[in-house]
Amino acid sequence: MSEAKWYVVHTYSGYENKVKANIDKTIENRHLEDQILEVQVPMQDVVELKNGVQKASQKKMFPGYVLIHMVMNDDTWYVVRNTRGVTGFVGPGSKPVPLTDIEMAGLGIKRDNIVVDYEVGDTIQVIAGAWADTVGVVRAMNPQKQSLTINVELFGRETPVELSFAEVKKL
């Protein structure tokens, strides 16, 4: 199997998050988790001054574009290219061109591989993000995405939540 690389997909303006959601759903439905690893809409923190009050918000770094970390083959190309809201891959003609490591470093998306000392079945505590201080049992791990899944109780039901390795610690 070839190595996964980052590709840029052009979308209709304002459809970036919808395209991300559609691709994520397709990945789940077609079980392409090992081929399409990550879909991102790059955001940046911005401080705006409105009516004399500073307000922090997030803006899209590249409106009209979505980044996808994937193994390029006919199946993955077809899935992404035929997603509603996608106008095409960035590259000459119809041939997608992956981003280089230097280009990725400038975006701040390239992550270091985190080595963890826990595995499926271990109890962990979330130390960052929306689920901070939540304790859960690891249900699944994805070393390629540097993420794991735990179940949390939400509205009286067990709900799976995906977290990055950096957001948790072993108890």
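Quick notes on this one:
- Largest to smallest principal axis extent of the C-alpha atoms in the chain, angstrom: 55, 51, 34
- Charge dipole (debye, nearest 20) of region 64-166; +1 at Cβ of Lys and Arg, -1 at Cβ of Asp and Glu: 500
- The base-10 log of I(q)/I(0) for region 128-171, evaluated at q = 0.14, 0.24, 0.27 Å⁻¹, reads -0.30, -0.85, -1.05 [Debye formula, identical scatterers on Cα atoms, solvent excluded].
- Rounded to whole numbers, the Karplus 3J(HN,Hα) couplings from phi for region 17-26 are 5, 5, 4, 4, 5, 5, 5, 4, 5, 5 Hz, using 6.51 cos²θ - 1.76 cosθ + 1.60 with θ = phi - 60°, and x at Gly and Pro.
- Given 15 as the ceiling on other Cβ atoms within 10 Å, longest exposed-site-free region of the chain for GluC sites (Glu not before Pro) in DSSP loops: 34-118
- Accessible surface, the chain, averaged per residue in Å² (probe 1.4 Å): 64
- Karplus-based coupling profile of region 68-80, in residue order and whole Hz: 10, 9, 8, 8, 7, 8, 4, 5, 5, 4, 4, 4, 5, with θ = phi - 60° in 6.51 cos²θ - 1.76 cosθ + 1.60 and x standing for Gly or Pro.
- Accessible surface of region 31-71 [probe 1.4 Å, protein heavy atoms]: carbon and sulfur percent: 51
- Derived scalar couplings ³J(HN,Hα) [region 153-163; Karplus, 6.51 cos²θ - 1.76 cosθ + 1.60; whole Hz; x for Gly, Pro]: 8, 9, 6, x, 10, 6, 10, x, 10, 9, 10
- Under-5 Å amide H pairs with residue 168, H placed in peptide plane, nonlocal only: 127
The values are calculated or read from the model by the stated rules, or taken from the named source; none is laboratory data. Nothing here was measured: the structure is a model prediction, and the numbers come from that model. Counting neighbours? That spans all protein chains shown, and the Cβs are built from the backbone with ideal geometry, glycine included. Note: areas computed on protein heavy atoms with side chains; ligands, DNA, RNA excluded. Shrake-Rupley method; radii C 1.70, N 1.55, O 1.52, S 1.80 Å.
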